[in-house]
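*Asks:* So that we are looking at the same thing, I have put the structure below in structure tokens.
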Amino acid sequence: MKRTTTRREFLGQTGAVIGAGYFVNPVAAVESNSPNERLNIAAVGTSGRAGANIRELASQNIVAVADIDANFLSQAGTRYSGARKYEDYRVMLEKEADQIDAVVVGTPDHSHAPAAAMALRLKKHVYCEKPLTHTVYESRVLSELAAKNKLVTQMGTQIHAGENYRRVVELVQSGVIGEIREVHVWAGAKYTGAKFTKGTPVPAHVNWDLWLGPAVARPYSTGVHPFKWRSFWDYGTGALGDFGCHYMDLAHWALDLKHPTRVSAEGPPVESVSTPAWTIAHYDYPQRGKLPAVKLTWYDSGKRPPLLAKLRDKNGKPVNKGSGQLFVGKKGMILSDYGSYRLFPEEKFTDFKPPKPTIPASVGHHREWIDAIKSGGTTTCNFDYSGALSEAVLLGTVAYRSGETIEWDAKNFKAKNAPAAQELLHKEYRKGWIL
């Protein structure tokens, strides 16, 4: 296989970012003749979150699975006895191209984009875990590929399908707390302290070279697979990357946010290997029609908005919220999380009655994707929406790592006056791996 542009070549480009990518000969997806006909699905990754995704899609035909871990692959083969097994997803997609309708990607972050892009170029519908990609540029590539090929896509932000998020969106958009110019988002997750180890033999059941995929070649490091990769910049994006798409999703949805115009971040001194012990990221979003400009602040790893500490319930007791969102309006505030919300000051909203629900209940995050493929419809976290969300989240990690304030020109894909940040928008892939 040939590589696309190198990181150096990419950084020298301006204007549109799509068009010079590597293409395989497209094979049209098999169309379902009936909405009751089952889809043929291939899975990239089979354990952990990937395994959960496959289980949610098991009402369809799981015809092929790929995993670099022989133990996980064997377990998946037992669970889905009709599925053909592959170690290398590239081989699977090439061989199964004329047999499959769709692909679900559940690898570590650094392999999301190469796998998803290959599937999209083969004209396959794609479900990909969050964050959509490992770099900002990869998110832009996937969203444009999905649009170009008119494919049904969904990012794995499963909480988006929950009822509570719908009710909060309705509250925000009803104007009950008035004009909103400020929102705070935080998550308690913490990923840090990662160190590469040397001298440990690769377990017999792990193909370490395939696990590394497009990442820099390194000796096997204990514990990176299957979970600790989240703490390494080479493979993950820390707490912000891992949970930003879940919690910032609600703010993006409720406030109709897309591309920030300014991004900065703070945290402990940057380490080249490990993601930070904590991050606070600041995003400025422009006016959207009649909606005013918004400042969104992200906090992770135990950091929280100072305003949260001042909140009191109607009995005068402090409010404790491990992770969540705080929408600050002219007439009040909404404090929310995955499963609940509260209006503040509580005494002001004692007799408040929520508006009649207007956002239909979801049939299920995975079911949305399946039904949209069969009906020719769309999903709520398609790559147009989730690509922009992932771009925003990952710009926060770029601002932190570069130490620069990014004036973001989304249209031209430029971190204006921030050369170090521009360098971090993408990475060069290892030989043999392509976007």
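FYI, it's all coordinate maths here, none of it is from the lab. Keep in mind that what you see is a predicted model, and the values were worked out from it rather than measured. FYI the Cβ positions are ideal-geometry reconstructions off the backbone, even for glycines, and counts take in every protein chain you see.
*Asks:* For the chain, set up a Gaussian network in which alpha carbons nearer than 10 Å are linked by springs, and say which option among Gln325, Gln75, Gln158 fluctuates the most.
*Replies:* Gln75
*Asks:* When only C-alpha pairs under 8 Å and at least 6 residues apart count, what is the relative contact order of segment 178-256, in percent?
*Replies:* Numbers: 56 pairs, mean separation 29.5, N = 79.
Here the relative contact order equals 37 percent.
*Asks:* If you wrap a convex hull around the Cα atoms of segment 61-164, how much volume per residue is inside, in Å³? Numbers along the way, then the final one.
*Replies:* Numbers: hull volume 12.4 nm³, N = 104.
Normalising the Cα hull of segment 61-164 by residue number yields 119 Å³.
*Asks:* Another question, if that's okay. Sort segment 335-429 into rounded, prolate or oblate with this rule: let a ≥ b ≥ c be the square roots of the eigenvalues of the Cα gyration tensor; rounded if a/c is under 1.5, and if a/c is not under 1.5, prolate when a/b is larger than b/c, oblate otherwise.
*Replies:* Working: a/c = 3.23, a/b = 1.42, b/c = 2.28.
Taking the square roots of the gyration eigenvalues as a ≥ b ≥ c, segment 335-429 is oblate.
*Asks:* While we're on this one: Taking the Cα-to-Cβ direction at Arg79 and at Val270 and moving 7 Å from each Cα, how far apart do the two end points lie in nm?
*Replies:* Between Arg79 and Val270, the simple spin-label model gives 3.8 nm.
*Asks:* What is the chain's relative contact order, in percent, from Cα pairs under 8 angstrom and six or more apart in sequence?
*Replies:* The normalised contact order for the chain reaches 23 percent.
*Asks:* Mind checking the alpha-carbon convex hull of segment 198-260 and giving the volume per residue in Å³? Write down the numbers at each step before the final one.
*Replies:* On the way: hull volume 7.0 nm³, N = 63.
Per residue, the Cα convex hull of segment 198-260 comes to 112 Å³.
*Asks:* Mind listing P(r) for segment 98-236? All alpha-carbon pairs, 10 Å bins, whole percents.
*Replies:* Binned Cα distances yield the sequence 10, 30, 29, 22, 8, 2.
*Asks:* If I build a Gaussian network model for the chain, linking alpha-carbon pairs within less than 10 angstrom, which residue out of Gly223, Gly339, Gly199 has the largest mean-square fluctuation?
*Replies:* Highest fluctuation of the listed residues: Gly199.
*Asks:* Only helices at least 24 Å long along their own axis, judged from Cα atoms, and with Kyte-Doolittle mean hydropathy of -0.5 or greater: name those in the chain from DSSP H.
*Replies:* Passing helices, by number: 238-255, 383-402.
*Asks:* Any of Lys195/Lys411; Lys124/Lys416; Lys150/Lys427; Lys95/Lys411; Lys310/Lys414 with alpha carbons more than 31 Å apart? Name them for me.
*Replies:* Working: Lys195/Lys411 37 Å; Lys124/Lys416 35 Å; Lys150/Lys427 27 Å; Lys95/Lys411 37 Å; Lys310/Lys414 38 Å.
Distance filter (> 31 Å) returns Lys195/Lys411; Lys124/Lys416; Lys95/Lys411; Lys310/Lys414.
*Asks:* Taking the beta-carbon count within 10 Å as an exposure proxy, list Ile180, Ile159, Ile370 from fewest neighbours to most.
*Replies:* Working: Ile180 22, Ile159 16, Ile370 27.
Ranking Ile180, Ile159, Ile370 by Cβ neighbours within 10 Å, fewest first, gives Ile159, Ile180, Ile370.
*Asks:* Under 15 Å from the Cα of Lys123, which aspartates and glutamates turn up, not counting those fewer than eight places away in the same chain?
*Replies:* Glu31, Glu94, Glu96, Asp98, Asp101, Glu144
*Asks:* While we're looking at this one, here's another question. Please go through segment 217-294 and write out the chymotrypsin sites (Phe, Trp or Tyr not before Pro) that DSSP classes as loop and that have at most 15 other C-beta atoms within 10 Å.
*Replies:* Sparse-neighbourhood loop chymotrypsin sites (Phe, Trp or Tyr not before Pro): Phe227.
*Asks:* Oh, and also: Could you check the spin-label model distance between Lys411 and Lys317? Points 7 Å from the Cα along Cα→Cβ, value in nm.
*Replies:* 5.2 nm
*Asks:* Anything over 20 Å Cα to Cα? Flag those among Lys321/Lys356; Lys258/Lys348; Lys317/Lys348; Lys295/Lys331, in the order listed.
*Replies:* Lys321/Lys356; Lys258/Lys348
*Asks:* Given a 10 angstrom Cα cut-off, can you work out which residue in Ala115, Ala194, Ala66 is the most mobile in a GNM of the chain?
*Replies:* Ala194
*Asks:* Out of segment 385-435, which trypsin sites (Lys or Arg not before Pro) are coil in DSSP terms and have no more than 15 other C-beta atoms within 10 Å?
*Replies:* Counting only loop positions with at most 15 other Cβ atoms within 10 Å, the trypsin sites (Lys or Arg not before Pro) in segment 385-435 are Lys411, Arg430, Lys431.
*Asks:* Here's something else I'd like to know. Let me know the charge dipole size of the chain about its Cα centre in debye, to the nearest 20, where only the beta-carbon of Lys, Arg (+1) and Asp, Glu (-1) is charged.
*Replies:* Details: 55 positive and 43 negative charges, 115 e Å.
My answer is approximately 560 debye.
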